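Comments concern the structure below.
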């Protein structure tokens, strides 16, 4: 239904993940993906910003066109989350629901 395209080098300030619809048209994950995948059964879409077992602190960039996912920067440095021993990175998928204001 939706696909992603990566641009730039992973773990760099240039890295971006862009979304496309089933026609290959670039879309905003926050504005163009509906909240419900199946409203009758209360199944919602989720945008996974940080996949399980990774530790790069990724986020949807609301200030850039098409709202790509990029790595967060604080004080000029890329952000990473600490490992939760014995696991590496986040122990679950972390993300956002589309069509919901942050």
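Taken together, the values in this text are just the output of simple stated rules run on the coordinates, not laboratory data. None of the values given here were measured: they were computed from a predicted structure. Counting neighbours? That spans all protein chains shown, and the Cβs are built from the backbone with ideal geometry, glycine included.
Assorted remarks:
- Cα→Cβ-extended label distance, 7 Å offset, between residue 100 and residue 2, nm: 1.3 nm
- Across the chain, the relative contact order, built from alpha-carbon pairs under 8 Å that are at least six residues apart, equals 29 percent.
- Sorted fewest first by neighbouring Cβ atoms within 10 angstrom, 44, 73 come out as 73, 44.
- Classification of the range 33-102 by its C-alpha gyration tensor yields an oblate form. The axis ratio a/c (a ≥ b ≥ c) is 1.5 or more, and b/c is at least a/b.
- Protection proxy ranking, peptides 35-42, 56-63, average beta carbon neighbours within 10 Å, highest first: 56-63, 35-42
- Given R0 = 41 Å, the distance between the Cβ atoms of residue 39 and residue 77 translates into a calculated FRET efficiency of 0.50.
- Rounded FRET efficiency, nearest 0.05, which uses the C-beta distance separating residue 84 from residue 25 and R0 of 41 Å: 0.60
- Our estimate of slack between residue 63 and residue 11, defined as 0.36 nm per intervening residue step minus the Cα-Cα distance, is 16.7 nm.
- When only alpha carbons are used to place a centre, the range 60-82 and the range 7-28 end up 13 Å from one another.
- The range 1-72 - Rg (one decimal) and Dmax (whole number), Cα, Å: 12.9, 41
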